[in-house]
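First up is the structure itself, then whatever we jot down about it.
The values are calculated or read from the model by the stated rules, or taken from the named source; none is laboratory data. Note that the coordinates shown come from a computational prediction; the quantities given were computed from them, not determined experimentally. Counting neighbours? That spans all protein chains shown, and the Cβs are built from the backbone with ideal geometry, glycine included.
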Amino acid sequence: MSLDRYRQKRNFQVSPEPRGAERGAGVLEPKRQFVVQKHRATQLHYDFRLEFKGVLLSWAVPKGPSLDPSVKRLAMRVEDHPLEYGGFEGVIPEGEYGGGTVMVWDQGDWVPEVADVERALEKGDLKFILHGKKLRGSWVLVRTRGYGGGGEGKSWLLIKHRDQYAATGDIVAEKPRSVISRRLLAQIARDGGGNVEKAATGDPETSRPSRGKVPRERLRGRERA
Ligand code: MN
């Protein structure tokens, strides 16, 4: 658990992302936070983060979580992030690492369903309970072999367990807004001086302001531009 890789990848003179404070790994937090950040970078993805030993363990989930237990979502393990990152919503400048718009899509706290989280991570089978606004109940992250082309044990699957919070339907499409500001990606980009058009491609089509309001001729002109 270290923030070295996180810091190496970023220029904090340019990006508003937090550098992160040093914390002793032994500091006991009464509750462990979890956060899911919707991130319209080169590709749209959802960053799934679980607080553990002073950092946020992080996985990038291209399609986002699903409440349907029959759906397995690829989750690529990425570098640990600082705890402060859990509150970050805004614009990472284009050209910087992860350049694009970040939304706090869900947050809350989590409880491991295993006695030893480190051992579970080593084994590649971490079961846990989420207490979020959108994601609740029992989940598992399981490491796969090679699937997804990640190599080096980086590819995992995020799967909902069967319980009263399991559901069909598409939670990422049904609940596209920030849980801390109620904004869509396009609004976050606009407020942060980011690329609004790019951010809007991560919002549901039905919520994009241009739809149905801009005459067809003008829309075509804009698309060409
Ligand atoms: Mn990301």
Exercise for the section: Starting from segment 95-108, take each residue that is of a type in the set (Phe, Trp, Tyr) and list its partners that are within 13 Å of the ligand (Cβ to nearest atom), counting only C-beta distances under 8 angstrom and pairs at least six apart or across chains. Expected result: TYR97/LYS9; TYR97/ARG10; TYR97/SER15; TRP105/VAL36; TRP105/GLN37; TRP105/LYS38; TRP105/TYR46; TRP105/GLY64
Exercise for the section: Specify the residue that is nearest to the ligand (Cβ to nearest atom); the eligible residues are those in segment 19-35 that are under 26 Å from ASN195 (Cβ atoms) and either among the charged types (D, E, K, R) or at pLDDT 90 or above (or both). Expected result: VAL35
Exercise for the section: Can you tell me which residue among LYS63, LYS53, LYS38, LYS72 is surrounded by fewer than 20 Cβ atoms within 10 Å (Cβ to Cβ), closer than 20 Å to LYS133 by Cβ and of a type outside the set (S, T, N, Q)? Expected result: LYS63
Handout entry: Residue check for GLU197: without any contact (Cβ under 8 Å) to a residue 12 or more places away in the chain, within 17 Å of the chain's Cα centre (by Cα), closer than 20 Å to HIS45 by Cα and surrounded by fewer than 18 Cβ atoms within 10 Å (Cβ to Cβ)
Key = no
Practice task
Could you check, for segment 84-103, whether at least one of its residues is touching a His at 6+ places or on another chain (Cβ under 6 Å), crowded, with 20+ Cβ neighbours inside 10 Å and within 24 Å of LEU3 (Cα to Cα)?
Solution key: yes
Handout entry: Residue, farthest from ARG10 (Cα to Cα), within segment 36-81, restricted to residues that are of a type in the set (Asp, Glu) and more than 14 Å from the ligand (Cβ to nearest atom)
Key = ASP68
